[in-house]
Amino acid sequence: MPAVIQSTQVMPHLNKQAKFLRKNVSSPAFIPGLDLSEGYFFDEIQPLITMYLPELPYSAALIGGSSEVLGFDTEMSTDHDWGPRVMIFLHEEDFVKKETAMRNVAMKHLPQKYKNYQIRFFAQGVKSPATRHRLNPGDPGLEPMIDIYTLRSFLDKHMGIDIDRPMSVSDWLSTTHHRLRALVSGRVYRDDIGLQAVRDRFAWYPHNIWLYILASCWNRIGEAEVLTGRAGSVDDNLGSKIIAMRLVRDIMRLGFLMERVYPPYSKWFGSAFRELKCAPTLLPLLCEVAQAADWKKRDKLLAKTYRILVTMHNALRLTVAVPDTPKRFWERPFTIIGGGSIAVSLANEIKDSSVKSLANRWLIGNVDLFNDNHVLDDDPSQRHLLKTLYE
């Protein structure tokens, strides 16, 4: 109860403050975060490094998590932890010797604003987002948002990956799609130390692991494709719709996987799907599935999407051609494409012995195919707990 009382006392004050700021403080014109970051680096950061640390080799970029790195940021994104930011990567020995000097140069010589955005808005060492959000941009003691890493420290922090060790099957499969997408998204502005070469290592899955994830996704469709109609046939319309929407998500996943594009996390999953080549054909049908009033209409619409998926699958020539005509499930009035059979045909093409052994044991796919809880992905240092599923 005391916490509730405190909350009701504080929130009106914060709301009044927010309204005052919106009314009395002019906001800068919205600039997409990647464009803001790139300009900030070339206009402000690079000249300072050239002047004060001229012999220092480094890479500069904006990669990793966040909406602006993925290119989906909007004006709404600017309400917290927002402003010009750049990531600097140093060699191990230079990080030890030069990191503090670089921060001091930035603190001393950067202006207060860039393109009317406050530059000093981040307090180093403040780990809690709740604390950072209470800081006022431009206050004394705050620092520019310049994150300084070694390649090793970045991959360890953001991916839970050891840069000096080859990626194992369990490494690939226990790393979420969206972390891989975050690593290869964004922009690299300068690259003296091989940042892009690291990103290139993760551009897409090794072939046999790709086959395994594709097979697992088709297998999920095979397990559920009859259930939408079965639930609906006993007047469970809500249950039928829930199953149909799970199928829609797996259909969208297959779209990403077949086009060799890592899906982002749920907030931008649909936005990123719209950018795929298959979206103009699939998206209208999937929206109709979501809006269908009864299981019979869902069944017909899903059958149309399956035909498109099989056409896409056959175009990849990963297996022998698969029939694209949906069929009845036994004598029941439910339409299926036989996702399980397609999964088997893909699994049969796996040549790597470790991946083959895993496929023979179970087709669970990568972590995204069985986990919906973002808490499980918040701390990459705990990824070792997931790796045991694949070993």
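Residues of segment 373-388 include none that is under 18 Å from Leu254 (Cβ atoms) and in contact with a helix residue (DSSP H, G or I) (Cβ under 7 Å, 6 or more places away or on another chain).
Applying a threshold of 7 Å to beta carbon distances and a minimum spacing of six or more residues, or different chains, the list of pairs starting in segment 223-247 at a residue that is in contact (Cβ under 8 Å) with a residue 24 or more places away in the chain and ending at one that is surrounded by fewer than 16 Cβ atoms within 10 Å (Cβ to Cβ) and acidic (Asp, Glu) reads Gly232/Asp294; Asn237/Asp294. Listed by first and then second residue, the pairs linking a residue in segment 303-323 that is more than 18 Å from Leu276 (Cβ to Cβ) to a residue that is of a type outside the set (Gly, Ala, Ser) and modelled with pLDDT under 95, with Cβ atoms under 9 Å apart and 6 or more places separating them unless they lie on different chains, are Ala303/Pro326; Ala303/Thr335; Ala303/Ile336; Ala303/Ile337; Val322/Ile337; Pro323/Ile337.
Residues that are at pLDDT below 90 and either loosely packed, with under 12 Cβ neighbours inside 10 Å or farther than 18 Å from Phe42 by Cα (or both) within segment 78-115 comprise Thr78, Asp79, His80, Asp81, Trp82, Gln112, listed in sequence order.
Within segment 175-199, restricting attention to residues that are of a type in the set (Ser, Thr, Tyr) and at pLDDT 95 or above, the residue that is farthest from the chain's Cα centre (by Cα) is Tyr189. How many of the residues in segment 24-75 are outside any loop (DSSP other than H, G, I, E, B), touching a Lys or Arg at 6+ places or on another chain (Cβ under 8 Å) and more than 17 Å from Gly186 (Cα to Cα)? Residues in segment 24-75 being outside any loop (DSSP other than H, G, I, E, B), touching a Lys or Arg at 6+ places or on another chain (Cβ under 8 Å) and more than 17 Å from Gly186 (Cα to Cα): 1 in total. The residues in segment 27-47 that are under 21 Å from Met102 (Cα atoms) and open to solvent by 30 Å² or more (accessible area, probe 1.4 Å) can be counted, and the count is 6. Highlighted here are the helices (runs of 4 or more DSSP H) found entirely within segment 180-236 that include at least 1 residues which are among the aromatic types (Phe, Trp, Tyr): 207-224. Could you tell me which residue of segment 48-77 is nearest to Thr176 (Cα to Cα), considering only residues that are among the hydroxyl-bearing types (Ser, Thr, Tyr), open to solvent by less than 50 Å² (accessible area, probe 1.4 Å) and at pLDDT below 90? Among those residues, the one meeting the criterion is Ser66.
Picking from residues in segment 208-264 that are hydroxyl-bearing (Ser, Thr, Tyr) and over 24 Å from the mean Cα position of the chain (by Cα), the one that is surrounded by the fewest Cβ atoms within 10 Å (Cβ to Cβ) is Ser233. In segment 264-299, how many are in contact with a Lys or Arg (Cβ under 6 Å, 6 or more places away or on another chain) and assigned to a loop (DSSP other than H, G, I, E, B)? Residues meeting the conditions: 2.
Has segment 331-348 got any residue that is assigned to a helix (DSSP H, G or I), modelled with pLDDT of 95 or more, under 21 Å from Met245 (Cα atoms) and open to solvent by 70 Å² or more (accessible area, probe 1.4 Å)? No, segment 331-348 contains no residue that is assigned to a helix (DSSP H, G or I), modelled with pLDDT of 95 or more, under 21 Å from Met245 (Cα atoms) and open to solvent by 70 Å² or more (accessible area, probe 1.4 Å). Evaluating Ser266 against the criteria (1) under 26 Å from Tyr212 (Cα atoms); (2) at pLDDT 95 or above; (3) of a type in the set (Ser, Thr, Tyr) leaves one unmet condition, (2).
Out of all the residues in segment 265-294, which are open to solvent by 20 Å² or more (accessible area, probe 1.4 Å), of a type in the set (A, V, I, L, M, F, W, C) and farther than 26 Å from Leu346 by Cβ?
Listed by number, the residues that qualify are Trp268, Cys287, Ala290, Ala293.
Among the residues of segment 302-323 satisfying the criterion of being open to solvent by 10 Å² or more (accessible area, probe 1.4 Å), out of contact with any strand residue (DSSP E or B) (no Cβ under 7 Å at 6 or more places or on another chain) and part of a helix (DSSP H, G or I), which is farthest from Asn208 (Cα to Cα)? Even if it seems obvious, please write down each step before you answer.
First pass over segment 302-323, keeping only residues open to solvent by 10 Å² or more (accessible area, probe 1.4 Å): 303-304, 307-308, 311-312, 314-323.
Imposing the further condition that a residue be out of contact with any strand residue (DSSP E or B) (no Cβ under 7 Å at 6 or more places or on another chain) reduces the set to 304, 307-308, 311-312, 314-323.
From what is left, the residues that are part of a helix (DSSP H, G or I) are 304, 307-308, 311-312, 314-316.
Working: Lys304: 29, Arg307: 25, Ile308: 24, Thr311: 21, Met312: 19, Asn314: 17, Ala315: 18, Leu316: 14 Å.
Here the residue is Lys304.
Within segment 86-109, can you find the residues that are touching a helix residue (DSSP H, G or I) at 6+ places or on another chain (Cβ under 6 Å) and not in a helix (DSSP H, G or I)? Spell out how you get there, then give the answer.
Filtering segment 86-109 down to residues touching a helix residue (DSSP H, G or I) at 6+ places or on another chain (Cβ under 6 Å) leaves 86, 89, 105, 109.
Correct list: Val86, Phe89.
Take segment 350-391 and flag every residue that is under 22 Å from the mean Cα position of the chain (by Cα) and assigned to a loop (DSSP other than H, G, I, E, B). Passing the criteria: Ile364, Gly365, Asn366, Phe370, Asn371, Asp372, Asn373, Asp378, Asp379, Arg383.
The values are calculated or read from the model by the stated rules, or taken from the named source; none is laboratory data. It should be emphasised that the depicted structure is a prediction, and the values quoted were computed from it without experimental measurement. Quick reminder, even Gly has a Cβ in these numbers, built from the backbone with ideal geometry, and neighbours come from all protein chains shown. These area figures cover heavy atoms from the full protein model, side chains too; ligands, DNA and RNA do not enter into them. Shrake-Rupley method; radii C 1.70, N 1.55, O 1.52, S 1.80 Å.
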